[in-house]
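One structure is given here, and the rest of the page talks about it.
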Amino acid sequence: MTKKVLIMTQNFYPVIGSAGNRMKNIYQLLNENDIQVDVLTTEPAYPNKNMYKNNLFWDDEEMNQAENITRVSIKNRHFSKHVFSRLFFYLEIMYRFFITLWKQRKENYDYILVSTPPIFIVFSALFARKILKSKLILEVRDLWPDSLVGVKAFDNKWIIKFFHYLERKMYQKADHIIINSNGFESHIKENLKKKQTSLLYLPNGPRQQEIIYRKSYQGEFRVVYTGNLGLAQDVDRLKQVAKLLSEKGIRMDIIGYGMRTGELIAYLKEHQLVNIHVHNPTTRKESLKMIENSNVALAFLNDDEVFSTVLPGKIVDYMTCKTPIIAGVKGIAANIIEDNGVGYAFAGNEVDDMIEKIVELKNNPSLLSKLEDNCTKTITNEFLWESNISKLVGILS
């Protein structure tokens, strides 16, 4: 008998970023494996709802025609660094999901797969689990609320303590837990206490057709940064690197979005960094093309310990495009970069060392080529969606 799954997620096609792309891949590949999947999500709004009025982002006709995707409208679409503003936004999503799930209470789902953060969607999933009598698969993409503390966005110890209580309950209520970074495992097991809940490592990754096996770009040496420019990404280090690259006459392209984007653009204008080019957010296909046409890619995370558990989706995208990585990261992400020989990781504020390494790669094509080949080998062996989806299918079958 065909299994039936309800995916509950804030981020879904055509929303840009690794979370939306991840959920789209899970949806498509489960359907390809004869598992019937419905989706409950919000109307696309991140980072700017007006973006999605452009047909450019609706670039998958099969997804556009899908009839089993329910998108709820959210009145408060203001993405803010202020924690209470974001809290009300997430609470509204939870409420809208409650209403929709109640209307669908006669549906028969074997599993509910809910993606977090935000954590409050999980509580609407717990409600759905009860009324639909389904098993719950919790997908954890970030350790919340530790990441909230890590970006210094909020420090009320009593509310944080309450959030940690909700986090523990979330883990303990799940029948299965999926993680996209092995760095989350020990933290989640500690919160599970004695409960034996299966943990499944399912990293972000490319589809087979996205992997670049041979670089075609032979032009000007380029450095690229793509993705979120928020509180977790250490934009201050990115500014320093941009300034030093410009002084050395090295071109850098940035496809960025998020709450610190305006701040970065203002910095580039103030310092007249003419070699640094900022591009509007675009589709995944166009982003991957720009990464492919670059020689080195950058990634940064803040130095707080919680971010040592994270594997940013952009690092996987860089390897997909055969583009070596220079990263200001530590922990899990640094280990993957260094152990697989796909680039170099710098744990501290070693901006000068990062620039020195970029210049070395510019002047040493054979070393650059070696790192490029390691990118392709690593992504093919460890991160391919078509291979890794079998782990999730095994749970559902």
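Listed values, structure above:
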read-out	value
Any hit, region 330-339, residues being basic (K, R), touching a helix residue (DSSP H, G or I) at 6+ places or on another chain (Cβ under 7 Å) and over 30 Å from D60 (Cα atoms)	yes
Cross-chain or 6+ apart pairs with Cβ under 6 Å, region 38-61 first and in the same structural domain as Q28 (by TED's automatic domain parsing) and assigned to a loop (DSSP other than H, G, I, E, B), then among the β-branched types (V, I, T) and buried (at least 17 other Cβ atoms within 10 Å of the Cβ)	P44/V15; Y46/V15
Candidates S80, S85, filtered to the one that is over 14 Å from N11 (Cβ atoms), at pLDDT below 90, polar (S, T, N, Q) and not in a loop (DSSP other than H, G, I, E, B)	S85
Which numbered condition I160 fails, given (1) in contact with an Asp or Glu (Cβ under 8 Å, 6 or more places away or on another chain); (2) part of a helix (DSSP H, G or I)	(1)
Residue match in region 138-150 (condition: within 19 Å of Y46 (Cβ to Cβ), outside the structural domain of E305 (by TED's automatic domain parsing) and in a helix (DSSP H, G or I))	yes
Count of residues meeting criterion [in a loop (DSSP other than H, G, I, E, B) and under 22 Å from Y111 (Cβ atoms)] in region 175-214	9
Residues of region 131-145 satisfying the condition of being surrounded by fewer than 20 Cβ atoms within 10 Å (Cβ to Cβ) and either over 30 Å from L396 (Cα atoms) or basic (K, R) (or both)	K133, K135
Check on E263, surrounded by fewer than 20 Cβ atoms within 10 Å (Cβ to Cβ), modelled with pLDDT of 95 or more, under 28 Å from I179 (Cα atoms) and not assigned by TED's automatic domain parsing to the domain that holds V149	no
Residue match in region 207-227 (condition: modelled with pLDDT under 95, farther than 24 Å from T261 by Cα, in the same structural domain as F307 (by TED's automatic domain parsing) and crowded, with 17+ Cβ neighbours inside 10 Å)	yes
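The values are calculated or read from the model by the stated rules, or taken from the named source; none is laboratory data. Small disclaimer: the values here were computed from a predicted structure and weren't measured. FYI the Cβ positions are ideal-geometry reconstructions off the backbone, even for glycines, and counts take in every protein chain you see.
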